Amino acid sequence: MFEGRVERLGTEGATSVVEISDLTYAVDGAEILHNISFLADEDRIGIVGRNGSGKTTLVRVLAGLIEPTSGVVRVCGFDLAKDRKAAVRTLGILFQNPDHQIIFPTVEEEVGFGLLQLGLSKTDAAAEAHRVLQSFGKTHWADVAIQQLSQGQRQLVCLISVLAMKPKVIILDEPFAGLDIPTTRQLGRYLDQTSATLIHITHDPEILRAYQRVIWLEKGAVEMDGAAKAVLTAFTNRMEQIGASDDISHVSG
Ligand SMILES: Nc1ncnc2c1ncn2[C@@H]1O[C@H](COP(=O)(O)OP(=O)(O)OP(=O)(O)O)[C@@H](O)[C@H]1O
């Protein structure tokens with residue numbers, strides 16, 4: 001259904017899809033991410049970690065939505081915080097809450113918006129949005145008011161809008177949280193078909209079982225990084241151990 005194979009060339013020849021070197025990120029002097037470094041070329045990369053471990057902050061830096069305090073961050077060779085044109089062409093994001101992402105009142109306008117950002121004319125964007133909806137069997141959604149759709153359907157509109165732009169990399173920040181099992185499976189099937197690199201934050205290790213690599217963040221640093229099976233087993237064991245204690249009752253300040 002989707003073309004757009006990852007073209008692993010940035011501005012300076014062959015490079016990794018993700019390059020992070022000595023990344024730190026601080027807010028008001030408080031360091032949230034500490035000295036993170038890794039290269040990634042796998043097509044399916046998971047990110048796990050406890051609440052507050054820095055997962056969303058890391059992918060926001062990766063997407064160029066916030067600038068690192070120090071270090072180098074590149075996606076397909078581009079510094080997306082500095083090169084917003086490259087960001088639009090290179091990377092798509094799917095957040096947990098579709099309502100934080102959707103801007104337009106109807107489905108076709110929403111799908112067409114990203115295509116306009118890519119430089120298509122109004123007419124071409126509308127025609128391409130229609131074609132993409134057709135490829136998903138959703139032409140009957142074209143003029144539907146997004147408010148009428150369920151959360152799962154709105155999340156599918158966001159996914160279709162991202163896939164329509166044929167990004168090389170898609171960041172998924174808990175997009176399945178709060179969705180029922182059939183909706184999760186359907187969205188998962190669409191994602192399985194894309195040739196884009198997926199970088200997927202989730203609290204559900206099951207979703208990442210078939211991934212090639214998982215990075216476990218703990219308190220803003222990489223705790224473990226490797227094959228999904230090994231990392232997810234160690235992560236789940238640690239989470240079970242912590243869950244058997246009462247560490248969420250502590251209140252600081
Ligand atoms: N702009 C900010 N100002 C202050 N603190 C921040 C800011 N952004 C993130 N933090 C803090 O950084 C830490 C990491 O937050 P982040 O949202 O990245 O974690 P997370 O792993 O995605 O958490 P969750 O699983 O709960 O979504 C948290 O303690 C959070 O409160």
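The values are calculated or read from the model by the stated rules, or taken from the named source; none is laboratory data. Everything numeric in this text was worked out from a predicted model, so none of it was measured. With ideal geometry, Cβ positions are generated from the backbone for all residues, glycine too; neighbour counts draw on all protein chains shown.
Every condition in (1) under 16 Å from GLN101 (Cβ atoms); (2) away from the ligand (no atom under 16 Å from the Cβ); (3) not β-branched (Val, Ile, Thr) is met by ASP173 except one, and the failing one is (2).
Among ASN97, ASN51, which is the only one that is within 30 Å of MET224 (Cα to Cα), under 16 Å from the mean Cα position of the chain (by Cα) and within 16 Å of the ligand (Cβ to nearest atom)?
Working: ASN51 fails: under 16 Å from the mean Cα position of the chain (by Cα).
Testing whether each residue is within 30 Å of MET224 (Cα to Cα), under 16 Å from the mean Cα position of the chain (by Cα) and within 16 Å of the ligand (Cβ to nearest atom) leaves just ASN97.
Look through the range 65-81, keep the residues that are away from the ligand (no atom under 16 Å from the Cβ) and more than 23 Å from GLU218 (Cβ to Cβ), and return whichever of them is surrounded by the most Cβ atoms within 10 Å (Cβ to Cβ). The extreme case among them is VAL75.
Does PHE104 qualify as being away from the ligand (no atom under 16 Å from the Cβ) and part of a strand (DSSP E or B)? Working first, answer last.
Values: away from the ligand (no atom under 16 Å from the Cβ): yes; part of a strand (DSSP E or B): no.
No: the conditions fail for PHE104.
Consider the range 73-89 and keep the residues that are β-branched (Val, Ile, Thr) and at pLDDT 95 or above. The one that is farthest from the chain's Cα centre (by Cα) is VAL73. The condition of being more than 21 Å from THR90 (Cα to Cα) and without any contact (Cβ under 8 Å) to a residue 24 or more places away in the chain holds for only one of GLN186, GLN148, that being GLN148.
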